[in-house]
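The values are calculated or read from the model by the stated rules, or taken from the named source; none is laboratory data. From a predicted model like this one, the values you see are computed outputs, not experimental measurements. As a convention, Cβ positions derive from the backbone with ideal geometry for all residues, glycine included, and neighbour counts pool all protein chains shown.
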Amino acid sequence: MKLSEGRMGEIYLVQEVSVAPNITRRLEALGVNETTHIQIMNRKKSGTVIIKVRGTWLALGAGIASGITIAEVAS
Amino acid sequence: MSETVITVGFVGNPNCGKTTLFNALTGANLKVANWPGVTVERMEGRVTYKGQKLRLIDLPGIYSLTSYSIEERIARKCIMEEDIDVIVNVVDVSSLERNLYLTMQLLEFKKPVVLALNMMDIVQERGMEIDIHRLPEMLGQIPVVPVSARKKTGLDILLHAVIHHYEEGPHDKVVTYSKGIEAKLTKLETALLEQYGEVENVRWVAIKLLEQDTQIMERYPLGLPEVLDQSYENRITNEKYDYIEEVVEECLFNKEASHAITEKADRYLTHRIWGLPVFLLILALVFFLTFTVGDFLKGYFEIVLDWINLHTTDLLGSLGVTDWLISLVVDGILAGVGGILTFLPNIVILFLALAFLEDSGYMARVAYVMNEIMGSVGLSGKAFLPMILGFGCTVPAIMASRGLENEQDRKRTMLVTPFMSCSARLPIYVLFSSMFFGDKAMLAAYSLYVIGMLTAILIAKVANKLYPLPEENGLLIELPAYKTPNARTVVIYVWKKVKDYLTKAGTIIFLVSVILWFVLNYSFHGPVEDVSQSFGAMLGRWMVPLLVPAGLGMWQIGVALLCGLSAKEVVVSSFAVLFAISNINSAEGMAALSTVLGQSGFGAVNAYALMVFCLLYSPCAAAVGTIKRESHSWAFTGKVMLFQLLVAWCGATLVFQIGSRIFG
């Protein structure tokens, strides 16, 4: 599933990040990597999201969010 | 004490409070705001602590020490090449985990690092706890100093730690990577030393080679294809974060509790449907306060101004000063400058409200709320941040466009930002809407803010139709936790704006008022009795044909608009001088002005057209200068100015032509 399609409030595991290289790096530095846990705090219809990662909040445009593949975490 | 000067670099994530700390230490008053990327260039200050001289450098906020963004390159170059003796790594404790990633990289640099734990007070307020004894143990025994930049606590201890640690030298190795990576690092370190002899900081260079950092690969080319077979950046990053997780596990307690308020607030403030109406409501509230509270305070200013007017005339008269000098002082300077000063309460309230919004952490959310609207015109939501700064002043707003990633976005943002209604236009709205719109004055003024915003968005849309930018929807911005705005930060911010306003009144507005007085009282034949024979009237009449379609066909308006190119408040001060009205912002002043204007058939529709024109045409000389400085192009600047004049003329004409048909 893409991050832009996730459910609000759910926690997911990042599986793959495939966006432009400079954005990949920025995300990496912000702690969004493969195997990172993230929580979707807010999501708009367009796919723009606010996620919580490593104790901070990030707003990501739909263009970036649709390049991040996530998987559900078994509860 | 030692004569050497210790150079200290302030490094940290964007929005971690470096600048606040830097201001607190050096007594400087650099601009602070609660969103990432306010500091776009390095700043320097000097302090002496117990006889030891220190040179402090405030660097732009960065998330890592790679070389991908401008800020990162500036910071990295400064640390590598500028002989920084000690790094003060400012860390926002409320997002410790992410902040420590940069710390890990700095620790690999082999320079003395002192960790300043900022915002401890906020974190403690929210119930989070941190073990500051265990933390240094896990970070190679570097000094860890809790500080509060806002409350100015821990500053002496921080400086003491800097000096002490400088003498002590670098710390121990902190992160040990997995076996595979460590084996590669050892091989690279050996090869580097063999090939280049002395390599300062060899482990760091080896790590950067494994990450395939282009700058370092060019500087230290090595063969070794079997070691450098691919980029290990991702793995190295992950392993650093793994270690950080251990640190956080050991040192941080009750962190979830501290997030509760922000998460609750965001359920409403960034709600997918309500987010936008809430934002517009907040804006409306800001302007409501600006008008009502500002107007309430204004009364007192007017009493003082009336008193000064009366007594100056009496005093100058009793001293036997010639009539023309009395006229210059009373009708020129006091009418112009004094008139402008009575708007100060409105300005103060506006900036207080903006400072409050900025410092609370809400502004960064606006980028998220506005992202889709901005996206539909080809810009990222982040471009809305400079635009919203434009409600305060266009100059810093244009400078803030530097925070945007690419040149195209920057230029487009510079093109549309001046349409956002800055505080200098406020006196015009206050005056003309009060004169012509009675109890709907506030609504009339608020509508201009909305028109400014819509114009900016519309123009961006047209620009995007003509020269489409690739649609990326690449918003990427960190949202700070909400906090109670800090009184000191707010006061510094507002005071700076008040000072700017007073300086403007004392310089540009003073100068233009004096010049205008001369232009209105003289012609080629010397002093004139009848203003309509003056230089000013000649100049104004020349502009009248152009202004008639917009309902502004009076020579006085032409002159006022021309003067307004220097600064927008000047439009108001010019009206005061042009019609010789003392205390223009008082009830009598307004009545006098609206009577004179009314005699020429100037009514509410004309007033609205005038306000629209003032909203849209070139903001001021300073803003034009800033556009030139930021775009490095006179051609671009000239085009922007012409474009603004054209838009203003079209806008005002449209308003007048439609308005006079409906209401006329």
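Among the residues of region B:69-117, those identified as among the hydroxyl-bearing types (Ser, Thr, Tyr), within 9 Å of chain A (Cβ to nearest Cβ) and buried (at least 20 other Cβ atoms within 10 Å of the Cβ) are B:Ser94, B:Ser95, B:Tyr101.
For the criterion of being surrounded by fewer than 22 Cβ atoms within 10 Å (Cβ to Cβ), more than 8 Å from every other protein chain (Cβ to nearest Cβ), small (Gly, Ala, Ser) and without any contact (Cβ under 8 Å) to a residue 60 or more places away in the chain, A:Gly9 passes.
Looking across region A:52-62 at every residue that is buried (at least 22 other Cβ atoms within 10 Å of the Cβ) and modelled with pLDDT under 90, the one that is nearest to B:Ile261 (Cα to Cα) is identified as A:Thr56. I'd like the full set of residues that are hydrophobic (A, V, I, L, M, F, W, C) and either outside the structural domain of B:Ala576 (by TED's automatic domain parsing) or buried (at least 17 other Cβ atoms within 10 Å of the Cβ) (or both), limited to region B:503-527. B:Ala505, B:Ile508, B:Ile509, B:Phe510, B:Val512, B:Val514, B:Leu516, B:Trp517, B:Val519, B:Leu520 - these are the residues of region B:503-527 that are hydrophobic (A, V, I, L, M, F, W, C) and either outside the structural domain of B:Ala576 (by TED's automatic domain parsing) or buried (at least 17 other Cβ atoms within 10 Å of the Cβ) (or both). Selection of region B:288-314 for residues being over 41 Å from the mean Cα position of the chain (by Cα) and surrounded by 13 or more Cβ atoms within 10 Å (Cβ to Cβ) yields only B:Thr313. With respect to being assigned to a loop (DSSP other than H, G, I, E, B), under 20 Å from B:Phe343 (Cα atoms) and either modelled with pLDDT of 90 or more or within 22 Å of the chain's Cα centre (by Cα) (or both), B:Ser447 falls outside the description.
Of the residues making up region B:86-105, just one is among the polar types (S, T, N, Q) and under 17 Å from A:His37 (Cβ atoms), namely B:Ser95. Filtering B:Val337, B:Val430 for residues that are more than 26 Å from B:Leu646 (Cα to Cα) and more than 14 Å from chain A (Cβ to nearest Cβ) leaves a single hit, B:Val337. Quick test for you: out of B:Val596, B:Val572, pick the one residue that is surrounded by fewer than 18 Cβ atoms within 10 Å (Cβ to Cβ) and assigned by TED's automatic domain parsing to the domain that holds B:Val655. Just one listed residue meets the conditions, B:Val596.
Identify the residue in region A:20-33 that is more than 7 Å from chain B (Cβ to nearest Cβ) and not in a helix (DSSP H, G or I) and, among all such residues, is farthest from A:Met8 (Cα to Cα). Residue satisfying both the conditions and the ranking: A:Ala20. For region B:378-386, state whether one or more residues are part of a helix (DSSP H, G or I), out of contact with any Leu (no Cβ under 8 Å at 6 or more places or on another chain) and more than 14 Å from every other protein chain (Cβ to nearest Cβ). No; the residues of region B:378-386 include none that is part of a helix (DSSP H, G or I), out of contact with any Leu (no Cβ under 8 Å at 6 or more places or on another chain) and more than 14 Å from every other protein chain (Cβ to nearest Cβ). Pick from region A:46-63 the residues that are of a type outside the set (Gly, Ala, Ser), closer than 20 Å to B:Ile273 by Cβ and not in a loop (DSSP other than H, G, I, E, B): which of them is nearest to the other protein chains (Cβ to nearest Cβ)? Filtering region A:46-63 for residues that are of a type outside the set (Gly, Ala, Ser), closer than 20 Å to B:Ile273 by Cβ and not in a loop (DSSP other than H, G, I, E, B), the one nearest to the other protein chains (Cβ to nearest Cβ) comes out as A:Trp57. Would you mention how many residues in region A:64-75 are more than 7 Å from every other protein chain (Cβ to nearest Cβ) and in contact with a helix residue (DSSP H, G or I) (Cβ under 7 Å, 6 or more places away or on another chain)? The number of residues fulfilling the criteria is 4.
All of (1) under 13 Å from A:Val19 (Cβ atoms); (2) not in a strand (DSSP E or B) hold for A:Thr69 with one exception: (2). Of all residues assigned to region B:454-464, at least one qualifies as being in the same structural domain as B:Leu283 (by TED's automatic domain parsing), small (Gly, Ala, Ser), surrounded by fewer than 21 Cβ atoms within 10 Å (Cβ to Cβ) and in contact (Cβ under 8 Å) with a residue 24 or more places away in the chain. Within the option set B:Met453, B:Met399, being modelled with pLDDT of 85 or more and in a helix (DSSP H, G or I) holds for one residue only, B:Met453.
Limited to region B:15-67, what total is found for residues that are modelled with pLDDT under 80, among the aliphatic types (A, V, I, L, M) and assigned to a loop (DSSP other than H, G, I, E, B)? Residues flagged as modelled with pLDDT under 80, among the aliphatic types (A, V, I, L, M) and assigned to a loop (DSSP other than H, G, I, E, B) within region B:15-67 amount to 6. Restricting the first member to region B:349-370 and to residues that are over 23 Å from B:Val498 (Cβ atoms), and the second to residues that are among the charged types (D, E, K, R) and buried (at least 23 other Cβ atoms within 10 Å of the Cβ), the beta-carbon pairs closer than 6 Å and six or more apart or on different chains are B:Ala367/B:Lys382. For B:Ala622, the conditions (1) within 25 Å of the chain's Cα centre (by Cα); (2) surrounded by 24 or more Cβ atoms within 10 Å (Cβ to Cβ); (3) not in a loop (DSSP other than H, G, I, E, B) all hold with the exception of (2). Look at region B:206-218: where a residue is farther than 22 Å from B:Ile74 by Cβ and surrounded by 14 or more Cβ atoms within 10 Å (Cβ to Cβ) and a partner is β-branched (Val, Ile, Thr) and at pLDDT 85 or above, sitting 6+ places away or on another chain with Cβ atoms under 9 Å, you get B:Ala206/B:Thr186; B:Leu209/B:Ile216; B:Leu210/B:Ile181; B:Leu210/B:Ile236. Residues in region B:260-316 that are among the charged types (D, E, K, R) and in contact (Cβ under 8 Å) with a residue 12 or more places away in the chain: B:Asp266, B:Asp295, B:Lys298, B:Glu302, B:Asp306.
Annotation note: Cβ proximity below 6 Å between a residue of region B:223-237 that is within 12 Å of chain A (Cβ to nearest Cβ) and a residue that is part of a helix (DSSP H, G or I) (sequence gap 6+ or interchain) occurs for B:Thr237/A:Glu28. Only one of the numbered conditions (1) more than 10 Å from every other protein chain (Cβ to nearest Cβ); (2) under 27 Å from B:Pro112 (Cα atoms); (3) surrounded by 13 or more Cβ atoms within 10 Å (Cβ to Cβ) is not met by B:Leu252, and that is (1). Only a single item in (1) surrounded by fewer than 20 Cβ atoms within 10 Å (Cβ to Cβ); (2) under 19 Å from the mean Cα position of the chain (by Cα); (3) within 24 Å of B:Met414 (Cα to Cα) is not met by B:Ile492, and it is number (3). Among the conditions (1) within 14 Å of chain A (Cβ to nearest Cβ); (2) modelled with pLDDT under 85; (3) over 19 Å from B:Ala623 (Cα atoms), the only one that B:Phe343 does not satisfy is (1). Are any residues in region B:113-154 modelled with pLDDT of 90 or more, more than 28 Å from B:Tyr482 (Cβ to Cβ) and assigned to a loop (DSSP other than H, G, I, E, B), and if so, which ones? B:His133, B:Leu139, B:Ile142, B:Pro143 - these are the residues of region B:113-154 that are modelled with pLDDT of 90 or more, more than 28 Å from B:Tyr482 (Cβ to Cβ) and assigned to a loop (DSSP other than H, G, I, E, B).
Of all residues in region A:34-45, none satisfies the criterion of being at the interface with another protein chain (Cβ under 7 Å from one of its Cβ atoms), surrounded by fewer than 21 Cβ atoms within 10 Å (Cβ to Cβ) and either assigned to a strand (DSSP E or B) or in contact (Cβ under 8 Å) with a residue 24 or more places away in the chain (or both).
Give region B:482-531 a look and list any residue that's within 14 Å of chain A (Cβ to nearest Cβ) and either within 30 Å of B:Gln408 (Cα to Cα) or at pLDDT below 85 (or both), or say none.
Within region B:482-531, just B:Lys483 meets the criteria.
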